[in-house]
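Inspection log for the structure reproduced underneath, given as structure tokens.
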Amino acid sequence: MKVLVVGSGGREHALAWKLLQSPKVQQVTCVPGNGGTASMKRCQNLALGVNDFEGIARFALVNGISLVVVGPEVPLAAGITDFLNGQGLTVFGPTRAGAQIEASKAWAKALMLEARIPTARAAVFNEEKAAISYARSEGVPIVVKADGLAAGKGVTVALALDEAEAAITAAFGGHFGEAGKLVVIEECLRGQEASVLALTDGVTIRPLLPAQDHKRIGEGDTGPNTGGMGAYAPTPIVTPELMQRIQAEILEPAIATLQKHRIDYRGVLYAGLMITPQGDPKVIEFNCRFGDPETQAVLPLLETPLEDLLLACAQQRLADMPPLTWKPGAAACVVIAAGGYPGSFKKGSPITGIDNAEAQGALVFHAGTQLKQQNLVTDGGRVLGVTAIGETFDEAIAQAYAAVHCIHFDDMYYRRDIGYQVKTARSNAS
């Protein structure tokens, strides 16, 4: 097999790495890829944009690509799957209609209500004054969301009214571009967040191991939202019994309702959940792709060949696949970011120490990196994801941080408390 992976982040590096573990996969091409994918054997980067659908199709057809795997949400929402399918290519990733589940929070909320999926109470606004009036009437804490795609930064959990009003004004004022033309205001759910990434062929849906992301930039989950500062899997807050409920109350109703709307959804359905203090799962949001950095924690534990699963989804035969198999233990991923992220940050800083980190057994997935004249430099906000596997959470987390300490670039930043929730839960239990 020859596989083409669309995207340039840590998620895409992890996908390419996992695919290349299989003897069935001859070559992976990443579009546009990053410094990490450029350095792997049997992997090459192709200097095209993720929205250059014609260029991607031309390369795939000329080079006999067996499967196209789309990483980011932006090309999915723009219809890359529709276009490539129209060229006769096999694609893992939902169509433009399916990608609305992430591209429009208002659309997703309406789907959840129709499917009777448990979620937060919400209202949708297309005018600033009415949105502010509603926020004042509801009181805080309250959640303000730009309707469209905002790279994980369009959500504000407002603890004060002036913070909510500022978020509403920013959205309608063009801070998120077209994404802020509609604003969704929700009740603030309480509990612990969990991410369930499920593979689906539009009929059958199978969850991967549950993970827990750390979205805020600051330790103790403080400060603004980011694309994700670290993750671990499998999160113990999602027990096997709870996963059965998530399957029955959330995943299957979502696919059934998509089918009802004649949307053939083949790809990842990512349920961002809040597990309430009573132990009930509620959907915060749906995403239409693999999570980042959850993928970097989940895929290293997967033993079932990834290409078999992705092809089964694309060819609508997931029901014929045997149960997924997993390595024992736990995985933890710590994201190293450029100083200033998620605000302004500099690029071009030399990166050292990755070889030492990998010599300790860590997996270093590149996100915002670039090879310049064979020298690795920073090229984004989230620069690296350092993953370690251990027999226990404590071991995985400790090994990940030991590897992080090997790496250096100017003004690097990382949270020092990834996995604090599982440590706190264990401490409380004892």
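Data for the structure
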{"item": "Count of residues meeting criterion [among the hydrophobic types (A, V, I, L, M, F, W, C), surrounded by fewer than 22 Cβ atoms within 10 Å (Cβ to Cβ) and in a helix (DSSP H, G or I)] in the range 18-62", "result": "7"}
{"item": "Which listed residue, of 140, 69, is in a strand (DSSP E or B) and β-branched (Val, Ile, Thr)", "result": "69"}
{"item": "Some residue of the range 371-394 being among the hydrophobic types (A, V, I, L, M, F, W, C), in a helix (DSSP H, G or I) and out of contact with any Ser or Thr (no Cβ under 9 Å at 6 or more places or on another chain)", "result": "yes"}
{"item": "Filter result for the condition that a residue is assigned to a loop (DSSP other than H, G, I, E, B) and in contact (Cβ under 8 Å) with a residue 12 or more places away in the chain, over 153, 145", "result": "153"}
{"item": "Leading residue by the ranking (nearest to residue 318 (Cα to Cα)) among those in the range 173-221 that are basic (Lys, Arg) and touching a strand residue (DSSP E or B) at 6+ places or on another chain (Cβ under 6 Å)", "result": "206"}
{"item": "Total residues in the range 395-417, condition assigned to a strand (DSSP E or B) and closer than 12 Å to residue 354 by Cα", "result": "1"}
{"item": "Residue within the range 65-80 that is surrounded by fewer than 18 Cβ atoms within 10 Å (Cβ to Cβ), farther than 30 Å from residue 184 by Cα and hydrophobic (A, V, I, L, M, F, W, C) present", "result": "no"}
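Quick note: the coordinates plus some simple rules give every number you see, no bench work behind them. None of the values given here were measured: they were computed from a predicted structure. No Cβ is skipped: glycine too gets one built from the backbone with ideal geometry, and neighbour counts run over all protein chains shown.
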